[in-house]
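Reading through the structure tokens given below for one structure.
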Amino acid sequence: MLAPRTAFIRFTTPIAMLLLILLAARSGAVVAEQSAQISTQSAGYRELIVIFEDFLALRDGSADPSSVLDRDAQGRVIAPVANYGISAVGERERRTRALQERLEALATDEWPRDQRVDYLAVRSRLDQYQFLLRVSRPWARDPGLYVDRMWAVTFTELPLAGEAREEFLAQLRAIPVLIGQAKLVLDDVAADYADLALHNLNRPDGVGHGHPYRAIPPQGVIGWFEDLLTRAEQVQPELASEIRATMGSVTGFETWITQQRPTWTASAGVGKEALDWYLRHVKLMPWSSAELVVLGERELDRLWADYAMERQRNRDLPELLPAETAEDYQQRIEMTDRRIRTFLADTDFITVPDDVGELGTNVPWIERPGGRNFWEEVQYRDPSPDHLHAVIPGHRFDMVMAARVEHPIRSRLQSGARVEGWATYLEEAAMGAGLFAELPRVRELIQVFGIFRAARVPADVWLQTNQMTVAEAVDYWLERVPYLDADVARVDAEIYLRRPPGYGIGYTVGALQMQRLLAERKRQLGDAFDLREFHDAIMMAGQIPLSLLRWEMTGQDDEVQRLWVREPMPGK
């Protein structure tokens, strides 16, 4: 049940959070399965698995102790801080290239299709990491990388004792070390990144993605440190001096960024050439950035036309009204969950194992001084859109099923476009299969969600190709998306600009890839096509890029043929 005054506000990046939890939880179980699976594979494929293991150790820092800092200037233990010094980053790049050379030495021509799929998937992850090291370089370009690390400790519930108290102090003491790192390596800062970092330091985001509830939201990270200090002084005053010291470092960081800001004029996006390289080699997409703009604008027009027709069709029906109380909203969530689960079973849409219990909600109840934000405007009217997308059979269910994949590679590999494309595909797929036949006004909300997803595509491309600033992306969306507010629009622009390139396109474009896969399987199988089997097979295949999933399921290799030819990374 929801606890209205303690519930965490909607995560704007739920998948990132959930992936960290579930991938960590399942890694131990996966290792236990690997030895038996590896022994049945060829020597070449076993080497692929070893390369992937070595890559994960490199990426996670366990392969090189010098990649993290674990002591402060006084020699006290701190929560580990990534070392972004020139030599440390250079060593990561050297190790990455060595792994790529081992990968390139593998002869895959005679491998079965599923193993060649795994090869391309692993190669894309190494390319992604090398792109991060050579092109994105957030530690040198984005002060927000360091600001992001500061939030979590301020949410700590007090009082603390024993090990929890020591962990809290280690987290506090890590922040000055983190800030010291930032001042050493931030040498190519983008203007948009600097402004977003300052915003998050001293202003509430209006969305509260993962923040504990407060009737009056604290003013950014600094406001949350004031909140933490006030609580410490009331219930555990011996922690107050440590909190003040860390808070002083944070306010000093804000002052330093403000002073440096006039000299920080770089563009935030990676540029067209780099984005196109990334789309092909990392996201494994069959379209260029220019083609994605056309697809996104076409989907935006289609969904607006569908929305206009649905509104016309429903013109004599009463409008859906938002829930007025937490109890009313909770009842709507529970009714929605029952309706969706019944529909999935009755229509043979997908298999939901009997042990998949309650999966919660992604938009808890909150009373905002300034009124509802976009997600609440939709979900308080009817929880169905985000329940499909983010709960069942979308993200939370998808993560549960991914945790059951027992494969030495696919159990620990994830494509953002596959995850977001699946969840976005479900919105219209369930509607097309009849879920809202008796709920015409809910169909309008599904279309509103689709409109926002589609509007992200061109804006995401334009942000990364430096044709649009964050402020311009916000204005673009506000003109085109019903119910959208400036806070959600700004947070969305920040998420997709600051994430690895192209994440924002993954919703609509991933859904288009899912629709292509559905269409091709239906054409191939004719009357033998079974929707439940189709969806179940997607769950069992792991969260691999959709072009690879299409090749594996249909045998159609037109999208992957060009992937075997490598192009030099821009900037090499």
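The values are calculated or read from the model by the stated rules, or taken from the named source; none is laboratory data. None of the values given here were measured: they were computed from a predicted structure. Cβ placement follows ideal geometry from the backbone for every residue including glycine, while neighbour counts extend to all protein chains displayed.
Residue count for the range 238-248 satisfying the condition of being closer than 10 Å to F225 by Cβ and of a type in the set (S, T, N, Q): 1.
Could you tell me which residue of the range 88-136 is nearest to the chain's Cα centre (by Cα), considering only residues that are crowded, with 17+ Cβ neighbours inside 10 Å and basic (K, R)? My answer is R125.
State whether one or more residues within the range 60-78 are outside the structural domain of Q259 (by TED's automatic domain parsing), at pLDDT 95 or above and buried (at least 17 other Cβ atoms within 10 Å of the Cβ). Within the range 60-78 (the criterion being outside the structural domain of Q259 (by TED's automatic domain parsing), at pLDDT 95 or above and buried (at least 17 other Cβ atoms within 10 Å of the Cβ)), the answer is yes, since at least one residue qualifies. Scanning the range 543-572 for residues that are part of a helix (DSSP H, G or I) and either at positive phi or among the hydroxyl-bearing types (S, T, Y) (or both) yields a count of 2.
Among the criteria (1) over 30 Å from G162 (Cβ atoms); (2) touching a residue at least 40 places away in the same chain (Cβ under 8 Å), the one P217 does not fulfil is (2).
Note on the range 401-431: among residues that are without any contact (Cβ under 8 Å) to a residue 60 or more places away in the chain and farther than 18 Å from V509 by Cα, the one that is surrounded by the most Cβ atoms within 10 Å (Cβ to Cβ) is M431. Does the range 138-148 hold any residues that are crowded, with 17+ Cβ neighbours inside 10 Å and of a type in the set (D, E, K, R), and which are they? Hits for the range 138-148 are R141, D142. Evaluate the following for P204: is it farther than 26 Å from A473 by Cβ and either out of contact with any strand residue (DSSP E or B) (no Cβ under 7 Å at 6 or more places or on another chain) or modelled with pLDDT under 95 (or both)? No; evaluated as a whole, the condition is false for this residue.
Yes or no, residue by residue, for (1) in contact with a helix residue (DSSP H, G or I) (Cβ under 6 Å, 6 or more places away or on another chain); (2) hydroxyl-bearing (S, T, Y); (3) closer than 19 Å to R123 by Cβ:
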position: Q41; (1), (2), (3): no, no, yes
position: G44; (1), (2), (3): no, no, yes
position: F55; (1), (2), (3): yes, no, yes
position: G75; (1), (2), (3): no, no, no
position: V81; (1), (2), (3): yes, no, no
position: G85; (1), (2), (3): no, no, no
position: R95; (1), (2), (3): yes, no, yes
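Summed over the range 559-572, residues that are charged (D, E, K, R) and either surrounded by 14 or more Cβ atoms within 10 Å (Cβ to Cβ) or without any contact (Cβ under 8 Å) to a residue 60 or more places away in the chain (or both) total 1.
Of all residues in the range 531-555, those that are among the basic types (K, R) have Cβ atoms under 8 Å from Cβ atoms of residues that are in a helix (DSSP H, G or I) and modelled with pLDDT of 95 or more, 6 or more apart or on another chain, in R550/Q513; R550/R516; R550/L517; R550/E520.
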